[in-house]
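Below: the structure, in structure tokens.
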Amino acid sequence: MKTNWLASPPLVVAYALAGNVRLDLSKDPLGNDKDGNPVYLKDLWPSQQEIAEAVEKVKTDMFRKEYAEVFDGDATWKSIKVPESKVYEWSDKSTYIQHPPFFEGLKEEPDAIDDIKDASILALLGDSVTTDHISPAGSFKADTPAGKYLQEHGVEPKDFNSYGSRRGNHEVMMRGTFANVRIRNEMLDGVEGGFTKFVPTGEQMAIYDAAMKYQEQGTPLVVIAGKEYGTGSSRDWAAKGTRLLGVKAVVAESYERIHRSNLIGMGVMPLQFPEGTDRKSLKLTGEEAISIEGLSGEIKPGQTLTMTVKYKDGSTETCELKSRIDTANEAVYFKHGGILHYVVREMLRTA
């Protein structure tokens, strides 16, 4: 099924019992009882009196008892061997949690920010790209980059679980970034899923694989998108994965506010096309080289930057972009390479 809906847990159960979401539960039955009589949602839904009686049975003493023992744990919890160390001891064997690389090479002071020169386009996306398109939470198949990684580490497909359950392992989540089976990269004709064109060779490959090849070449990356980029839930990995793939900037027509903020928090610059300019008016195919000037100066909220598009035939076109760093605090976070780096440096400074 290509469409999805959100509903309260009781309604999810009701529709599951009915086996069909194309019902009007105010008048259509969920099914029949053992005598063949129709059963409606109103027959199952508790009355206000029943709810009040259930609430009345919940006593303060129940919470006091449970929370008094919350740190004790059961026998299984108590049997876990804990190393005597002030810091967490990461296990290389774990496929659920790995030491993330966000602080590798962290210096006491942040490096100066450079302009983006001759970046490749990793993905050319349309309108209403959601955070689930960018970082899906569901299951994945054996032939995906995440599936191949887990199999290489001894995990069978039946034990893959989901992206959401493995969000503590950046190796899985990087491979799942832009990997939603419904995402459409306009660099490819009629292809659905997390694929792109690796421009130097013209090959079609998984977005993760292409990003790693670009990293090997030292090529910066950008993502180009339409309106309402990052809609949906404020999924942190939608920004974390984007950063780890090597994306320096996203250029879109508009943003969902929380994802815009999350991108800045991970050191990815959100830029906005001016009214009347977009990927279509610029005739972008994804094979262009993108340069963005104005980052090497002082980072200020709402500043104007210049994007230069170099086409395959050698011609160029420029347009102005608006920085969607909207506040002074966001400018500080971006200068530090993200809010994580800023916080760590502040802790070191005040220690």
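Per the listing ASP118, ASP132, the residue uniquely closer than 30 Å to TYR342 by Cα and assigned to a helix (DSSP H, G or I) is ASP132. Select from region 216-229 the residues that are of a type in the set (Ser, Thr, Tyr) and crowded, with 23+ Cβ neighbours inside 10 Å and list them in ascending order. TYR229 - this is the single residue of region 216-229 that is of a type in the set (Ser, Thr, Tyr) and crowded, with 23+ Cβ neighbours inside 10 Å. With the condition kept exactly as written, say whether any residue in region 177-196 is part of a strand (DSSP E or B) and over 18 Å from VAL268 (Cα atoms). Yes, there is a match, as at least one residue in region 177-196 is part of a strand (DSSP E or B) and over 18 Å from VAL268 (Cα atoms).
Candidates are the residues of region 120-135 that are among the hydrophobic types (A, V, I, L, M, F, W, C) and in contact with a helix residue (DSSP H, G or I) (Cβ under 9 Å, 6 or more places away or on another chain); the one that is surrounded by the fewest Cβ atoms within 10 Å (Cβ to Cβ) is LEU125. With respect to (1) in contact with a Pro (Cβ under 7 Å, 6 or more places away or on another chain); (2) under 30 Å from HIS341 (Cβ atoms), the lone exception for PRO101 is condition (1). Scanning region 136-189 for residues being in contact with a strand residue (DSSP E or B) (Cβ under 7 Å, 6 or more places away or on another chain) and either under 16 Å from THR242 (Cα atoms) or open to solvent by 90 Å² or more (accessible area, probe 1.4 Å) (or both) gives a total of 3. Cβ separations smaller than 6 Å between residues 6+ apart or across chains give the following pairs from region 116-138 residues that are within 19 Å of GLY168 (Cα to Cα) to residues that are in a loop (DSSP other than H, G, I, E, B) and open to solvent by 40 Å² or more (accessible area, probe 1.4 Å): THR131/GLY232; THR131/SER233; THR131/ARG235; ASP132/GLY232; SER135/ARG235. When region 190-202 is limited to residues that are farther than 18 Å from ALA289 by Cβ and over 20 Å from the mean Cα position of the chain (by Cα), the one that is surrounded by the fewest Cβ atoms within 10 Å (Cβ to Cβ) turns out to be GLY190. Is it fair to say PRO38 is farther than 27 Å from ARG167 by Cα, at pLDDT 95 or above and out of contact with any Ser or Thr (no Cβ under 7 Å at 6 or more places or on another chain)? So PRO38 fits the description; yes.
Of everything in region 13-36 that's open to solvent by 80 Å² or more (accessible area, probe 1.4 Å) and out of contact with any strand residue (DSSP E or B) (no Cβ under 7 Å at 6 or more places or on another chain), which residue is farthest from ALA137 (Cα to Cα)? The qualifying residue farthest from ALA137 (Cα to Cα) is ASP35.
Out of all the residues in region 131-141, is one or more within 24 Å of LEU221 (Cα to Cα) and among the aromatic types (Phe, Trp, Tyr)? Checking region 131-141: not a single residue is within 24 Å of LEU221 (Cα to Cα) and among the aromatic types (Phe, Trp, Tyr). Contact map, region 322-349: residues that are on the phi > 0 side of the Ramachandran plot and modelled with pLDDT under 95 paired with residues that are surrounded by 14 or more Cβ atoms within 10 Å (Cβ to Cβ) and assigned to a helix (DSSP H, G or I), Cβ distance under 6 Å, separation 6+ or inter-chain. No pairs are found.
If you check LYS141, LYS148 for being among the basic types (Lys, Arg) and either assigned to a helix (DSSP H, G or I) or in contact (Cβ under 8 Å) with a residue 24 or more places away in the chain (or both), only one passes: LYS148.
The values are calculated or read from the model by the stated rules, or taken from the named source; none is laboratory data. Predicted model, so just to flag it, every value in this text is computed and none were measured. Here the Cβ is made from the backbone with ideal geometry for all residues, glycine too, and neighbour counts use every protein chain on show. For the accessible areas, the whole protein counts, side chains as well, though only heavy atoms, and no ligand, DNA or RNA atoms are used. Shrake-Rupley method; radii C 1.70, N 1.55, O 1.52, S 1.80 Å.
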